[in-house]
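The values are calculated or read from the model by the stated rules, or taken from the named source; none is laboratory data. Computed from a prediction, not measured in an experiment: that's the story for all the values here. Heads up, the Cβs are rebuilt from the backbone with ideal geometry, glycines too, and the neighbour counts pull from every protein chain shown.
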Amino acid sequence: MTSVTETKLEVRIYADRQSMGNAAAEKFAKEVNILLNNKPEINVVFAAAPSQNEFLEALRYENLDWQRINAFHMDEYIGLAVDAPQGFGNFLKERLFDQFNFKSVNYLNGNAQDIEGECDRYTSLLAKHPVDIVCMGIGENGHLAFNDPPVADFEDPKMVKVVVLDEVCRQQQVNDGCFVSLSEVPKQALTLTIPALLSASYINCVVPGPTKANAVAHTLNSEINTENPATILRRHPKAVLFLDQDSSRLIQSNDQTS
């Protein structure tokens, strides 16, 4: 493993996706246990994306008191069929939420008749259960959740909002193999905002793969602004960025071996 610190953001680089996922799961478990030593229950937000597959799989081997964890997810398409496998709630249900006995699982409903009301409902849940840990990735355009550059707001007054997805974000869903063509990708989504995500005491950010190399380089080297939303992670007091060789290829010349 290689490690480097960029301002407050700790970066850990691994030989492959599997070792990266295992390490991210181990670190997550450590942070969960620290929190549960001091609190009766905790609240965790999970990302749904192929980039999280190795991390989510590795969680099966961590001995955690899942009955003391309230689970949330950070975004959801609007208008996708309820049973569509691309739905983020469905993705997490299959890979995570059905695997463990959580205290509660709280789904975003992208098919609610009153979509603004759904934002309000989920905001109320998050207010009742302040986020302790966020498990996230970074998009090819540097987005966090569905906070793409055109709509990202570091001072967003909302916790959950409706967004229009930019074309780079929608194309990523095709690149990831989630959709066959761009025309199939929904144009709107619900997302937790950047302030809602950064309210967590710990952020576990897992970003593998060659298509993420540019986004990683911008995250660590570009000016902190909403043109590259993930740059804001450098201001979080306790965020760890887990990378593999492919996603870290543009930054490794500056690494320090630990």
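Table for the structure above
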| item | result |
| --- | --- |
| Any hit, region 121-132, residues being surrounded by fewer than 17 Cβ atoms within 10 Å (Cβ to Cβ), at pLDDT 95 or above, under 18 Å from the mean Cα position of the chain (by Cα) and on the phi < 0 side of the Ramachandran plot | yes |
| Any hit, region 30-44, residues being touching a residue at least 24 places away in the same chain (Cβ under 8 Å) and more than 23 Å from ALA127 (Cα to Cα) | no |
| Any hit, region 94-105, residues being under 22 Å from VAL207 (Cβ atoms), of a type outside the set (D, E, K, R) and at pLDDT below 95 | no |
| Subset of region 26-78 that is touching a strand residue (DSSP E or B) at 6+ places or on another chain (Cβ under 9 Å) and of a type in the set (Ser, Thr, Tyr) - its residue that is farthest from PRO186 (Cα to Cα) | SER51 |
| Wholly within region 1-120, strands (runs of 3 or more DSSP E) carrying at least 2 residues that are closer than 30 Å to ARG170 by Cβ | 9-13, 42-46, 69-73, 75-77, 104-106 |
| Answer from VAL185, VAL162 - the residue that is in contact (Cβ under 8 Å) with a residue 12 or more places away in the chain, closer than 19 Å to ALA84 by Cβ, touching a Lys or Arg at 6+ places or on another chain (Cβ under 7 Å) and of a type in the set (A, V, I, L, M, F, W, C) | VAL185 |
| Some residue of region 139-154 being of a type outside the set (Ser, Thr, Tyr), in contact (Cβ under 8 Å) with a residue 40 or more places away in the chain, surrounded by fewer than 17 Cβ atoms within 10 Å (Cβ to Cβ) and touching a helix residue (DSSP H, G or I) at 6+ places or on another chain (Cβ under 9 Å) | yes |
